[in-house]
Amino acid sequence: MTATERDTLPGATGAPPVLEVTDLVKYYPIRAGIMRKQVGSVHAVDGVSFALGATETLGIVGESGCGKTTLGRTLLRLVEPTSGQVLFNGEDVVGASSSRMRELRQDMQMVFQDPFASLNPRMPVQDIISEPLQIHGTDKKEARIKARALLDAVGLSPEHGNRYPHEFSGGQRQRIGIARSLAVNPELVVLDEPVSALDVSVQAQVLNLLEDLQEEFQLSYLFIAHDLSVVRHISDRVAVMYLGQIVELADRDELYEAPAHPYTHSLLSAVPVADPEMERSRERIILEGDLPSPANPPTGCRFHTRCPIAQDNCVTDVPPLAEVRPGHWASCHYALGPDETLVQRVKDLGREVHIANSDTGVTTA
Amino acid sequence: MTTEPLLSVRDLTVSFDTDDGLVQAVNGVSFDVHPGETLAVVGESGSGKSVTAMATMRLLPRSARISGSITFDGRDLLSLSDREMRRIQGEDIAMIFQDPMTALNPVFTVGNQLAEAIRIHHPDVSKKAASERSIELLEIVGIPEPRIRVENYPHEFSGGMRQRAMIAMAIANQPKLLIADEPTTALDVTIQAQVIEVMRKAQEATGAAMILITHDLGLVAGVAERVQVMYGGRLFETGDTGTIYYRSRNPYTQGLMRSIPTFAKRTDERLSPIPGSPPSAINLPAGCSFRPRCEFAEAICRDEEPALRPLDPAGAHQSRCHFAEELPDFSQRTAEVAG
Ligand SMILES: Nc1ncnc2c1ncn2[C@@H]1O[C@H](COP(=O)(O)OP(=O)(O)OP(=O)(O)O)[C@@H](O)[C@H]1O
Ligand SMILES: Nc1ncnc2c1ncn2[C@@H]1O[C@H](COP(=O)(O)OP(=O)(O)OP(=O)(O)O)[C@@H](O)[C@H]1O
Ligand code: SF4
Ligand SMILES: [Mg+2]
Ligand SMILES: [Mg+2]
């Protein structure tokens, strides 16, 4: 890849990136019937490109099932990509041998979304945390000392070290997963919903901790979460995914304050606020139609089936992920301007939009 | 409230024997749930929310020591035989678990499990009808192409789809009480709004009550009538949703509210969590269990455990703090939205 091509990856800043992803694709076979014959494929990740800079945090948000976890897992080759390129510090990850991959995994760690399924139920927690250290050559005693320090760092007491995963609450398990991933001093950590099971106070502690660790150890984070408040807090930049693709990527505040993609607009309008009066009077834009199946994504713009401002060519022409403003990428033929609201655009088109609010129900504007 | 409570929990205490000693998970918890209402349970991770729910469903492991009483629809659940209890589980009380994989069996398709959930309580329903109903349920919870997806195994679903499959299973038999333990943790906001709508509709149609256990204080703000705050195995505050958010009289609740990252605000500042760590469930501190972390603590907090006290004549608002009345006013108003 040439330097100019590199700089055109969404999210590239000119600084040498830790991670460069080009056209990454992951399809899962769909099988049905008694013979489990393949009848199609789920386009879980479908042509994703982005760059992640050193010590940067890129937030990934998007609807359930849009491919966030699959993206994280394919980057680390925990599932094999169907096609595409992943460079880690310039080194080809997709083509790496399995022994090289084991070495690379020391620098690329993942915190899993489902903390229970990812922790060995027959191992006491201090061994779960120290295992990756021992695999990479630290002696047992030293590894245990480090495990205790990590337990402390994520807000659990060292006495917890002797207990087994099933003896912990959901939020405690999530912190065990974080401690485990940090044990080997990685460079890049993919965090898949790392704070979703935590109460807001522990969540604030863990987020502060992640920020401290990032500074201390020069970590880069890919932070997957559906909580848009958390993502706004921790990320430098944010990518929005829809049906296996990135539809928008921009600096954090730019994305939240001046989104360009109509999907991002509707997503932001749906964020609940922790204030009963505001929450009950808040107006949400309701998208028409169901979430299309990732096995059979719509033609043209994948969002056209639900988009309130779609035009005829949206059904046929694929909008590229293009830089609509400096450092701000969006894939929409009719991207919204910095001061434009989706509701206003819909009205200008002479169309209707459904707005929901829990006090007055659904209204049409 | 004038109606008879549907669920009445009195002095529930649960502890576990572990190698390190006795874990005090739930400590003298009492509360009522009325038909049709939504009660939210929030609080510290590890404070006993799930264990309280599991005790109500009688799903705790044998290592659990349980005392107190749990009355549902006039029956004492803790004294029912296993068989009688199984009839109530999934039919009268259904639970949506925090961890979908614990509720879904990896070796059966989602459709098989849904049909089984229906037929176990309604053996007269034909296999075909149960399978049609499964597809309908998947559609209700917003799974695209339910007719194809019904044949998937749980690992072929995304995290959020598994959670929706579990919700479908819970509402399959129209229970009187739905206990939802973090039902939307894995869901993004648009699907979350849909799923909550599904649960509310199911609730309206059947007059079911719901206990909603969650860390999502935005979700609670939108759907709960009452809120109950737990800390270290105890109830720390309980009241109407508005009271808890705008007029909390408890230092822990106030600290919790202050930790929320606000969405509308430009945030480079650090979050302000409650300082210190949650208490160990093995060695609870003497006096008030929040004392080591509390900015208002005084000598009495170490010597005497505060009681959960009513702050109004009806007892709608209760707080466990020696200084409940003297605390500075606190209101979780999202100020930046106004400005
Ligand atoms: N089977 C068990 N054996 C021993 N201790 C247990 C067991 N189950 C739960 N505990 C402990 O009981 C306490 C309460 O756990 P519980 O799961 O109810 O917390 P929670 O409030 O639901 O937390 P979270 O919000 O993190 O899910 C915790 O300290 C936990 O470690
Ligand atoms: N092992 C698998 N086999 C088949 N399909 C899969 C597999 N894993 C995921 N999928 C499908 O790929 C799509 C993307 O799933 P993924 O788990 O990446 O979504 P996600 O964005 O992480 O969602 P969530 O927010 O719900 O966790 C979904 O349609 C899912 O059903
Ligand atoms: S009793 Fe004391 S320590 Fe406990 S919450 Fe009140 S002020 Fe804090
Ligand atoms: Mg996921
Ligand atoms: Mg729990």
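Pull up the range A:291-316, narrow it to residues that are in a helix (DSSP H, G or I) and more than 30 Å from A:Gln38 (Cβ to Cβ), then point me to the one that is nearest to the chain's Cα centre (by Cα).
Only one residue tops the list, namely A:Cys314.
Does the range B:56-71 hold any residues that are among the hydrophobic types (A, V, I, L, M, F, W, C) and more than 9 Å from ligand 1 (Cβ to nearest atom), and which are they?
Of everything in the range B:56-71, those that are among the hydrophobic types (A, V, I, L, M, F, W, C) and more than 9 Å from ligand 1 (Cβ to nearest atom) turn out to be B:Met57, B:Leu59, B:Ile66, B:Ile70.
Looking at the structure I just gave you, is A:Gly11 of a type in the set (Gly, Ala, Ser) and modelled with pLDDT of 85 or more?
Judged against the criteria, A:Gly11 is not a match.
Sort out which residues of the range B:256-279 are modelled with pLDDT of 70 or more and farther than 20 Å from B:His215 by Cβ, and write them in order of number.
Passing the criteria: only B:Glu269.
Given the conditions (1) surrounded by 16 or more Cβ atoms within 10 Å (Cβ to Cβ); (2) of a type in the set (Gly, Ala, Ser); (3) more than 25 Å from B:Ile274 (Cβ to Cβ), which single one is not true for B:Ser69?
(1)
Hey, B:Val33 hits all of (1) within 14 Å of chain A (Cβ to nearest Cβ); (2) more than 13 Å from ligand 1 (Cβ to nearest atom) but one; which does it fall short on?
Of the numbered conditions (1) within 14 Å of chain A (Cβ to nearest Cβ); (2) more than 13 Å from ligand 1 (Cβ to nearest atom), the odd one out for B:Val33 is (1).
So is A:Ala197 on the phi < 0 side of the Ramachandran plot, crowded, with 24+ Cβ neighbours inside 10 Å and under 22 Å from the mean Cα position of the chain (by Cα) or not?
So A:Ala197 fits the description; yes.
Just one of B:Arg258, B:Arg226, B:Arg270, B:Arg249 is touching a strand residue (DSSP E or B) at 6+ places or on another chain (Cβ under 8 Å), over 24 Å from B:Ile96 (Cβ atoms) and either within 16 Å of ligand 1 (Cβ to nearest atom) or not hydrophobic (A, V, I, L, M, F, W, C) (or both); which is it?
Being touching a strand residue (DSSP E or B) at 6+ places or on another chain (Cβ under 8 Å), over 24 Å from B:Ile96 (Cβ atoms) and either within 16 Å of ligand 1 (Cβ to nearest atom) or not hydrophobic (A, V, I, L, M, F, W, C) (or both) holds for just one of B:Arg258, B:Arg226, B:Arg270, B:Arg249, which is B:Arg249.
Tell me, which helices (runs of 4 or more DSSP H) wholly within the range B:194-266 include 1 or more residues that are more than 11 Å from B:Ala40 (Cβ to Cβ) and not assigned by TED's automatic domain parsing to the domain that holds B:Gly276?
Output list reads B:217-223.
Just name the residue that is nearest to ligand 2 (Cβ to nearest atom) out of those in the range B:227-242 that are hydroxyl-bearing (Ser, Thr, Tyr) and buried (at least 24 other Cβ atoms within 10 Å of the Cβ).
Looking at residues that are hydroxyl-bearing (Ser, Thr, Tyr) and buried (at least 24 other Cβ atoms within 10 Å of the Cβ), I get B:Tyr231.
If a residue has to be within 7 Å of chain B (Cβ to nearest Cβ) and in contact with a Leu (Cβ under 6 Å, 6 or more places away or on another chain) to count, how many in the range A:153-191 make the cut?
Adding up the residues that qualify gives 1.
Answer yes or no as to whether B:Glu156 is acidic (Asp, Glu) and surrounded by fewer than 22 Cβ atoms within 10 Å (Cβ to Cβ).
Yes, satisfied.
Among the numbered criteria (1) surrounded by fewer than 23 Cβ atoms within 10 Å (Cβ to Cβ); (2) more than 16 Å from A:Phe112 (Cα to Cα); (3) aliphatic (A, V, I, L, M), which single criterion is violated by A:Leu156?
Evaluating A:Leu156 over (1) surrounded by fewer than 23 Cβ atoms within 10 Å (Cβ to Cβ); (2) more than 16 Å from A:Phe112 (Cα to Cα); (3) aliphatic (A, V, I, L, M) leaves (1) as the failure.
Considering each of B:Ala40, B:Ala25 in turn, give the residue that is within 14 Å of another protein chain (Cβ to nearest Cβ), at negative phi and more than 11 Å from ligand 1 (Cβ to nearest atom).
Every option except B:Ala40 fails the conditions.
Residue check: is B:Glu182 within 16 Å of ligand 2 (Cβ to nearest atom), among the charged types (D, E, K, R) and touching a strand residue (DSSP E or B) at 6+ places or on another chain (Cβ under 8 Å)?
Taking the combined requirement at face value, the residue satisfies it.
Report, ordered by the first and then the second residue, all pairs with beta carbons closer than 7 Å, sequence separation of six or more or different chains, a first member in the range B:285-302 that is over 25 Å from B:Ser272 (Cβ atoms), and a second member that is within 7 Å of ligand 3 (Cβ to nearest atom) and of a type in the set (Val, Ile, Thr).
Every condition considered, no pair remains.
Of all residues in the range B:150-193 being more than 10 Å from chain A (Cβ to nearest Cβ) and assigned to a strand (DSSP E or B), which is farthest from ligand 5 (Cβ to nearest atom)?
Checked the range B:150-193; the qualifying residue farthest from ligand 5 (Cβ to nearest atom) is B:Leu177.
Only one residue in A:Gly95, A:Gly65, A:Gly84, A:Gly90 is in contact with a Pro (Cβ under 7 Å, 6 or more places away or on another chain), more than 24 Å from A:Val206 (Cβ to Cβ) and more than 16 Å from ligand 3 (Cβ to nearest atom). Which one?
Result: A:Gly65 is the single residue among A:Gly95, A:Gly65, A:Gly84, A:Gly90 that is in contact with a Pro (Cβ under 7 Å, 6 or more places away or on another chain), more than 24 Å from A:Val206 (Cβ to Cβ) and more than 16 Å from ligand 3 (Cβ to nearest atom).
Of everything in the range B:216-254 that's among the charged types (D, E, K, R) and in contact (Cβ under 8 Å) with a residue 40 or more places away in the chain, which residue is nearest to ligand 5 (Cβ to nearest atom)?
The residue in question is B:Arg234.
Considering only the range A:91-113, I want to know if a residue exists there that is out of contact with any helix residue (DSSP H, G or I) (no Cβ under 8 Å at 6 or more places or on another chain), among the β-branched types (Val, Ile, Thr), away from ligand 2 (no atom under 16 Å from the Cβ) and not assigned by TED's automatic domain parsing to the domain that holds A:Ala225.
No.
Within the range B:44-69, can you find the residues that are near ligand 5 (Cβ under 10 Å from one of its atoms) and touching a helix residue (DSSP H, G or I) at 6+ places or on another chain (Cβ under 8 Å)?
Scanning the range B:44-69 gives B:Ser45, B:Gly46, B:Ser50.
So for the range B:56-67 (the condition being touching a residue at least 40 places away in the same chain (Cβ under 8 Å) and within 15 Å of the chain's Cα centre (by Cα)), does at least one residue qualify?
Yes, that holds for at least one residue.
Residues of the range B:313-325 being part of a loop (DSSP other than H, G, I, E, B), away from ligand 3 (no atom under 13 Å from the Cβ) and at pLDDT 95 or above, which ones?
B:His317
Which one of A:Leu198, A:Leu209, A:Leu191 is touching a residue at least 40 places away in the same chain (Cβ under 8 Å) and in contact with a helix residue (DSSP H, G or I) (Cβ under 7 Å, 6 or more places away or on another chain)?
Checking each option against the conditions leaves just A:Leu209.
Does the range A:143-184 hold any residues that are without any contact (Cβ under 8 Å) to a residue 40 or more places away in the chain and closer than 22 Å to A:Gly72 by Cβ, and which are they?
A:Leu150, A:Gly171, A:Arg175
Is there any pair with a first residue in the range A:55-70 that is within 7 Å of chain B (Cβ to nearest Cβ) and a second that is assigned to a loop (DSSP other than H, G, I, E, B) whose Cβ atoms are under 6 Å apart and which are 6 or more apart or on different chains, and what are they?
A:Glu63/B:Asp188; A:Ser64/B:Ser158; A:Ser64/B:Leu187; A:Ser64/B:Asp188; A:Gly65/B:Ser158; A:Thr69/A:Gln113
Which numbered condition in (1) modelled with pLDDT of 90 or more; (2) within 12 Å of chain A (Cβ to nearest Cβ); (3) more than 13 Å from ligand 2 (Cβ to nearest atom) is the only one that B:Glu139 fails?
Tallying (1) modelled with pLDDT of 90 or more; (2) within 12 Å of chain A (Cβ to nearest Cβ); (3) more than 13 Å from ligand 2 (Cβ to nearest atom), B:Glu139 fails exactly one: (1).
Tell me, which residue of the range A:47-62 that is under 15 Å from the mean Cα position of the chain (by Cα) and surrounded by fewer than 23 Cβ atoms within 10 Å (Cβ to Cβ) is nearest to A:Val240 (Cα to Cα)?
The selected residue is A:Ser49.
If you go through the range B:43-59 one residue at a time, how many are basic (Lys, Arg) and facing another protein chain (nearest Cβ under 9 Å)?
Number satisfying all stated conditions: 1.
The values are calculated or read from the model by the stated rules, or taken from the named source; none is laboratory data. Everything quoted here is computed from the prediction, not taken from an experiment. For neighbour counting, all protein chains shown are included, and Cβ atoms are generated from backbone atoms with ideal geometry for every residue, glycine included.
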